[in-house]
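These notes concern the structure reproduced below.
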Amino acid sequence: MVLGLALAVLTGAALLASQSLDAGAAAPAGPAEVARGQYLVTLMDCAGCHTPGALQGQPDPDRRLAGSNVGFATAAGIVYPSNLTPDTETGLGRWSDAEIVRALRHGQARDGRVLLPVMPWPSYSVLTEADARAIVAHLRSLSPVRFASPRNTRPGEPAAAPYLTVVAPR
């Protein structure tokens, strides 16, 4: 009887845990996890692309990680780094934890499209699950900043804002 009850409790706990992970929910992050995420975001230089003014050598400290006003020209068009703060209108506020981890580690946007490697997700694909979750915890801990990056453009469309072009040497 006791063994049966223990097995039922363990099975129920395992089912509940798997449902939580499938739904993208996570236990509240502790200070150590948020600090680890901050360390990783700094080491990976996310602010170097995702902060207004950073690509012009004048990052706006009040809008750190709120997206960029300068884009990157690619073969697929011009891409503007997006807002990583938890703002619900212009940032990651409506993304689930699992969606953020999927973008980081697998280069898949919330709508399913593949992110261009200008967002270096191929390198980030080796992040451990714990490190990816720590990054999410840090991003969730930020103050929301309402800032909409310019819209991405397709090849041949006029640029929505300034952008950088990389020219390969001949």
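Any read-out appearing in this document is the output of simple, stated calculations on the displayed coordinates, not a laboratory observation. Here the structure is a predicted model, which is why all the values come from computation and not from measurement. In this analysis, Cβ positions are derived from the backbone assuming ideal geometry, glycine residues included, and neighbour counts consider all displayed protein chains.
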Report summary line: Length gained, Val167-Asp60, 0.36 nm per residue minus C-alpha separation, equals 35.8 nm
Query raised in the report: For Asp45, Asp97, what's the fewest-to-most ordering of other Cβ within 10 Å of each Cβ?
Result: Asp45, Asp97
Report task. Sort Tyr80, Tyr124 so the one with the fewest other Cβ atoms within 10 Å of its own Cβ comes first. Result -> Tyr124, Tyr80
**Report entry** Contact order relative to length of segment 37-151, as percent, for alpha carbon pairs under 8 angstrom and 6 or more apart
**Finding:** 29 percent
Query raised in the report: What list of ³J(HN,Hα) values in whole Hz, one per residue of segment 134-140 in order, does the Karplus curve 6.51 cos²θ - 1.76 cosθ + 1.60 (θ = phi - 60°) give from phi, with Gly and Pro shown as x?
Result: 5, 4, 4, 4, 5, 4, 5
Query raised in the report: If you plug each phi of segment 55-60 into the Karplus form 6.51 cos²θ - 1.76 cosθ + 1.60 with θ = phi - 60°, what whole-Hz ³J(HN,Hα) values come out, in order, with x for Gly and Pro?
Result: 6, 10, x, 9, x, 8
Query - Net length gained if the chain between Glu157 and Leu116 were fully extended (0.36 nm per residue, minus Cα distance) - result: 13.0 nm
Query raised in the report: Using θ = phi - 60° and the Karplus form 6.51 cos²θ - 1.76 cosθ + 1.60, what ³J(HN,Hα) does each residue of segment 94-103 get, whole Hz, x for Gly and Pro?
Result: 9, 7, 7, 4, 4, 5, 5, 4, 4, 5
Query raised in the report: Sorted by average packing, counted as other Cβ atoms within 10 angstrom per residue and highest first, what order do 83-89, 158-164, 109-115 take?
Result: 83-89, 158-164, 109-115
